[in-house]
1. Per residue of the range 691-708, what does 6.51 cos²θ - 1.76 cosθ + 1.60 with θ = phi - 60° give for ³J(HN,Hα)? Whole Hz please, x for Gly and Pro, Karplus curve as stated.
2. In percent, how large is the relative contact order of the chain, given Cα pairs closer than 8 Å and 6 or more residues apart?
3. How big is the gap, in Å, between the Cα center of the range 273-300 and the Cα center of the range 1-44?
4. Based on DSSP H runs of at least 4 residues, each adding -39500 (n - 2.57), what is the mean residue ellipticity at 222 nm of the chain after dividing by all its residues, to the nearest 500 deg cm²/dmol?
5. Can you match semi-axes √(5λ) of the Cα gyration tensor in Å to one of these, [x] 53, 30, 23; [y] 41, 33, 26; [z] 49, 30, 23, based on a calculation from the structure here?
6. If I stretch the segment between Glu278 and Phe309 completely, what's the gain in nm (0.36 nm per residue apart, minus their alpha carbon distance), one decimal?
7. On C-alpha positions alone, give me the angle between the axis of helix 426-435 and the longest principal axis of the chain, in degrees, nearest 10.
8. Taking the Cα atoms only, what angle lies between the long axis of helix 76-88 and the longest principal axis of the chain, rounded to 10 degrees?
Amino acid sequence: MRQIFQNLSDGETALAEVPAPQSTDGHLLIATARSLLSAGTERMLVDFGKAGWIDKARQQPDKVRVVIDKVRTDGLLPTIEAVQSKLGQPLPMGYCNVGRVAESGVDGFQPGERVASNGPHAELVRVPGNLCAHVPDGVDDDSAAFTALGAIALQGVRLAVPTIGESVAVIGLGLIGLITVQILRANGCRVIGIDFDAARGELARRFGAEFVNLGDYEDPVAAARAFSRGRGIDAVVITASTKSNDPVKQAANMCRKRGRIVLVGVTGLELSRADFFEKELSFQVSCSYGPGRYDPAYEEHGQDYPVGFVRWTEQRNFEAVLDLMASGTLDVRPLISHRFRFDDALAAYAMLDAKNALGILLEYHGSEAADFSAPVKLTPAPAATHLGTGAVCGFMGGGNYAGRILIPAFRSAGAQLHTIVTSGGASAAHQGGKHGFEIASTDVADVIGNEAINTAVIATRHDLHAEQVLAALDAGKHVFVEKPLALTLDELGVIEKAYAEIASSGAILMVGFNRRFAPHVLRLKELSQHSRQPKAIILTVNAGEIPANHWTQDRAVGGGRVIGEACHFIDLARHLAGARIINWNAMQFTQSPGGDTLDDKVTISLAFEDGSMATIHYLANGSKSFPKERIEVFCAGGVIQLDNFRKMRGYGWRGFARMNRVRQDKGNAACAAAFVDAIEAGALPPIPSEEIFEISRITIEIGDSLAH
């Protein structure tokens, strides 16, 4: 299928061929009939992409601070690569979609029904059920494409709490502003619209509002005060998109005492205390479509808010907008300025800067009957010079880590990159084309069931690992899984049994515990392994905070941060000690009784069979200016300290003083190379399987102990 993407590094907009998304529970697959360009949002993204590095930095000062912190800890070159990789990822464009359900994983929606959603510009979209709404029979596809924009306008109006007869100003008469005018009129309000564009002002008058033309240098404050009969405007809804602070200042000046200001658009926010203090004005920023926005539980997992407590959610706002259209109260057809076939989407984007452009519709023809099930062929099949003995890889997962670290590591190691599979398809096409894969797909069967592929590399979300590992082992493939191996002891037990049954065939099971392959760690291991005395190992991980609602913090999906990430350091301690773990203890820090119980502020103690000890401080509450990872080994009267896999220093260690590298190296490339070389040579696994299962079991036990 085809989809529109934006490259934020250079501003290029592309209509690309990508694999169609797979159907999943809680989501709908929708064959698109119409989609609407959101001129404000999409023009802003295009302009950001076309901007130079300095202008990008000026527009994202918070991101600049993050980059500076990363330079301090990881070094300049890795930081530049990370930023370029992030900006180089294709950004799906659009969020105003209408079409027919192709497949449904949501109760209450059936194939063939018309639905409006916030799906992107693509021939087939996958959207969570709570971001979809049925389209009434009396609403045509053209109008229904405005549903998401209408919900944004409606949520802003709800926050303004208008009552019959109030005077309300709308600053900015783009698509959302003109829809806001109509909704306010439906609420019985007197409305005055403010904009620079006379044509949009005429539309506002058509919808029953008065108009202030800033292009003719009219004074908006004086006009609004006169409109309010000298009392001051009751409420202002700002739907403009500008860097200027003028809209907020004008809104404050035109309001009556205790007036309300709601920001729906994007403006400068240098507020004058005096303007707000003297009148006791209220100011609120509206969040997109309404309650539920950016809440994974609502949007991704389908957990609706009880109507008795949250009357208007995102989905219910969608429904309300469609009801307004069906009754004729909201008429968006006059807002359509241009139409383009989806084939000509790039020409549509060229119209974004046109003075007369307002509502630009994309029309899709034949998407309802099209078959999008086939994977996408990316490149001619490379010659299989070592097929059957070397690693012919199928990747499952193409996120940031896979694209920036894992795939390049396998490619450098000489692996043949055959097929890449991702859930949505966009990253499969992007990473596949970038790194020279032959096939991009959204179906894991294209890896598991392909006999030409002898190696499965798993870099998906953590809750999928166990199932995919088992499927790959059952198919007789070598398996490399980016940690963790499993999330539960039951899953781990099944994998261990399955691997025991096929290990004699030479199949290799590997977990991406890359740090033990880092150059500094190899040297540290070499220096310390000759001592017969037990070691004291301290690993301090300044992990940094991740939002509590991030998928990695979800015990059922990501496993939490101990299972999902601290497993690296349990493995590293096990490797440096060179002995089996015989006992462990874990404690976690909480802010206050009944407060934060996330497993991201943890101290783990390990005891080893040879008498060695390890303490892992995994902490998310430290300063970013401190090293992210510090390893210290005390042994035989000496100490070795390693900071961030860049600088290692010996204290009282005979024959070793320091080992520094300009470029950070956590062993990712060497880890992949060891795995690929073992396949090529028919050798033993680079990490003994008994160690992998030992580390995985203890990590899960620790994670379970902290979750209770």
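None of the figures in this text is laboratory data; all of them are computed from the coordinates on show. Owing to the predicted nature of the structure, the values given are computational and were not obtained by experimental measurement. Every residue, glycine as well, gets a Cβ built from its backbone with ideal geometry; the counts of neighbours run over all protein chains shown.
1. Ordered by residue, 3J(HN,Hα) equals 5, 4, 6, 4, 5, 5, 5, 5, 4, 5, 4, 5, x, 5, 5, 7, 7, 9 Hz.
2. 12 percent
3. Computed from Cα coordinates, the inter-centre distance equals 28 Å.
4. About -9500 deg cm²/dmol.
5. Step by step, semi-axes √(5λ) of the Cα gyration tensor in Å for this structure corresponds to label [x].
6. Result for the pair: 7.8 nm of gain on full extension.
7. Between the helix axis and the principal axis of the chain, the angle is about 50 degrees.
8. 50 degrees
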